[in-house]
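Visitor: Got a structure for you, written out below as structure tokens; questions coming shortly.
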Amino acid sequence: MTPQVTDFSFWNEMWKQSYYDREKGIRANPLLEYWDKRANDFSLMRKSNDYDFGRKVYAALSSVLTPDSSMLDIGAGPGSFTIPFAQHIKSVTAIEPSTGMVAVLKENAKELNVENINIIEELVQDLPQDGFPDFRFDLVTISLVLWMFPDVWPRLLQMEQYAKGYCAIVAGIPDWKNPREASKSDVQEFQILYNMLLSQGRSPNVSIIDYKCERMVEDEIECRKIIYEQYEGDLTPEAEEQIRKEVIARSKDNKCLISSRSAVIWWNPKEIVSPRYLSS
């Protein structure tokens, strides 16, 4: 194995550099303000095709779950994973600090009569740490959260504290051939996090999933406007008109079909290889 692959400091610095490069272009605090604005729009997107995204993530992780399993979903949003998983396992504890997201999560769960969900309105860094044996789960997942932290390894160790089974990261894979404004918030999470885990003796598994989101033209336009204000600047009439033209040009029958790809990375924290054996 090449030294670079097993060099934790290399991947840790790459993550930090990606974070600071991206931070320069963010206008509003992405922790809460941005997600409150996007709550309704994001909910419509994640519910598309009967929670296609969440169901495919569940399928990728189903081999480590049983009907009696418990799950901690960090960054639950509108229930992207919480709801599809809750329909198959015993219980899901959803961590979500955004008031807007919590509201739509509750609505979405009620809509499908899903009742085995416990919602905690906290930031991940404010969750209990050390000495809470009751706060442990068969599966701990996280998505669209890690990129907000310049120092990501403590968050991964925090996940492992809560896991009595497996940990899983769902990381978007940017489409550099067909970039959208949203890709400006992407980090090369998949490559960096995978190698970071490997360099620290974990044995990560990976599954790549492709999924589609079908949405109305006006919903996509509203989404693009919010993203523009987050990363580009104040929305001018000219910018809004350009967004509208681009969305309509890619639409059919007043609908937009958006194809995306994500990596599901999961590992067992109890299966750790000493880093000194990785360089041999």
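Visitor: Are there chymotrypsin sites (Phe, Trp or Tyr not before Pro) in the range 63-163 that DSSP marks as loop and that have at most 16 other Cβ atoms within 10 Å, and which are they? Intermediate values should be presented prior to the final figure.
Guide: Details: sites: Phe81, Phe85, Phe135, Phe137, Trp147, Tyr162; in loops: Phe81, Phe135.
Those satisfying the criteria are Phe135.
Visitor: Once R0 is set to 41 Å, what does the formula 1/(1 + (r/R0)^6) return for the Cβ-Cβ distance between Asp151 and Ser63, expressed as a FRET efficiency to the nearest 0.05?
Guide: 0.85
Visitor: Okay, next question. At 222 nm, what value in deg cm²/dmol follows for the chain if DSSP H runs of at least 4 each add -39500 (n - 2.57) and the sum is divided by all its residues, to the nearest 500? Mind showing how you got there, number by number?
Guide: Details: 10 runs with 120 residues, N = 280.
The helix contribution divided over the chain gives -13500 deg cm²/dmol.
Visitor: Taking the beta-carbon count within 10 Å as an exposure proxy, list Met71, Met159 from fewest neighbours to most.
Guide: Met159, Met71
Visitor: Once you've got the Cα coordinates, tell me which of Lys16/Lys37; Lys110/Lys225; Lys164/Lys255; Lys56/Lys164; Lys16/Lys56 are over 32 Å apart.
Guide: Lys164/Lys255
Visitor: A further question on this structure: With an 8 Å cut-off on Cα pairs and a minimum separation of 6 or more residues, tell me the relative contact order of the chain in percent.
Guide: Values: 485 pairs, mean separation 68.3, N = 280.
It comes to 24 percent, rounded to a whole number.
Visitor: Right, another one. Cut-off is 10 Å between beta-carbons; in what order do Thr236, Thr93, Thr141 appear when sorted fewest neighbours first?
Guide: Fewest to most other Cβ atoms nearby, the residues stand as Thr236, Thr93, Thr141.
Visitor: Sort Ser62, Ser207, Ser199 so the one with the fewest other Cβ atoms within 10 Å of its own Cβ comes first. Don't skip to the end; give the middle numbers.
Guide: Details: Ser62 13, Ser207 16, Ser199 21.
Starting with the residue having the fewest Cβ neighbours, the order is Ser62, Ser207, Ser199.
Visitor: Give the long-range amide H neighbours of Tyr166: residues separated by 5 or more places, or on another chain, with amide H under 5 Å away, using H modelled in the peptide plane at 1.01 Å from N.
Guide: Hits under the 5 Å cutoff: Leu139, Val140.
Visitor: Here is a follow-up. With the convex hull built on the Cα atoms of the chain, state its orientation-averaged projected area in nm².
Guide: 15.1 nm²
Visitor: Would you work out the charge dipole size for the chain about its Cα centre, treating the Cβ of every Lys and Arg as +1 and the Cβ of every Asp and Glu as -1, and quote it to the nearest 20 debye?
Guide: Numbers: 32 positive and 42 negative charges, 158 e Å.
Roughly 760 debye, rounded to the nearest 20.
Every number in this text was worked out from the coordinates using simple rules, so none of it is lab data. Small disclaimer: the values here were computed from a predicted structure and weren't measured. Virtual Cβ from ideal backbone geometry, glycine too; neighbours counted across all protein chains shown.
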